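Some notes on the structure that comes next.
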């Protein structure tokens, strides 16, 4: 699909099959008139906008987070391992941890790869993540200790909350879909 191209003409005669004088006479002063694929700026009818040609392709942008628009990037506040549950804090990304009350009510996601403190981390907040080294059984996947994923539900008193991070939909794929944390009785 191409965008409009500004074409300067001395006396454009016909626009989209309609005589220009009939378009101009019906339009108020300083109006923009749209007639089919062309646009006439009434205050100066010498300029007609019409469909043009597509320009050259621009340079490729930076690599985005895994999962496309289902994630975000943030700076690691500590060294972060790959495929770990992280939470976003005021200082950056840190591991989420079911044994720490500070991990409650945070923005959760899964780190796409390892990153050193101060580096940018791609985080998947929602959607499928595949890791060849995984061997999950179908079902829920929970937050464990220090961002680790587990299929064993956390229990008190060692954990202070339980958080379903997503669901194993295949042996090597987890669909990330963090659910609200559930505080465990101590």
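The values are calculated or read from the model by the stated rules, or taken from the named source; none is laboratory data. No experiment lies behind these values; they were computed from the predicted model shown. Cβ sites come from the backbone with ideal geometry, for glycine too, and all protein chains shown count toward neighbours.
Residues 124, 150: which one is touching a strand residue (DSSP E or B) at 6+ places or on another chain (Cβ under 7 Å), closer than 15 Å to residue 86 by Cα and free of Cβ contacts under 8 Å to residues at least 12 places away in the same chain?
Details: 124 fails: free of Cβ contacts under 8 Å to residues at least 12 places away in the same chain.
That would be 150, the only listed residue that is touching a strand residue (DSSP E or B) at 6+ places or on another chain (Cβ under 7 Å), closer than 15 Å to residue 86 by Cα and free of Cβ contacts under 8 Å to residues at least 12 places away in the same chain.
Pairing residues of the stretch 57-72 that are at pLDDT 60 or above with residues that are outside any loop (DSSP other than H, G, I, E, B), at Cβ distances under 6 Å and at least 6 apart in sequence or on separate chains, gives 70/127; 71/123; 71/124; 72/123. Of the strands (runs of 3 or more DSSP E) lying entirely inside the stretch 99-186, those carrying at least 2 residues that are modelled with pLDDT under 90 are 107-111. Please tell me if residue 112 is closer than 13 Å to residue 74 by Cβ and out of contact with any strand residue (DSSP E or B) (no Cβ under 9 Å at 6 or more places or on another chain). Taking the combined requirement at face value, the residue does not satisfy it. Among the conditions (1) farther than 19 Å from residue 71 by Cβ; (2) exposed (fewer than 14 other Cβ atoms within 10 Å of the Cβ), the only one that residue 113 does not satisfy is (1).
Just to be sure, is residue 169 over 27 Å from residue 185 (Cβ atoms) and either touching a residue at least 60 places away in the same chain (Cβ under 8 Å) or buried (at least 18 other Cβ atoms within 10 Å of the Cβ) (or both)? Give the steps one after another, and end with the answer.
Values: over 27 Å from residue 185 (Cβ atoms): yes; either touching a residue at least 60 places away in the same chain (Cβ under 8 Å) or buried (at least 18 other Cβ atoms within 10 Å of the Cβ) (or both): no.
No: the conditions fail for residue 169.
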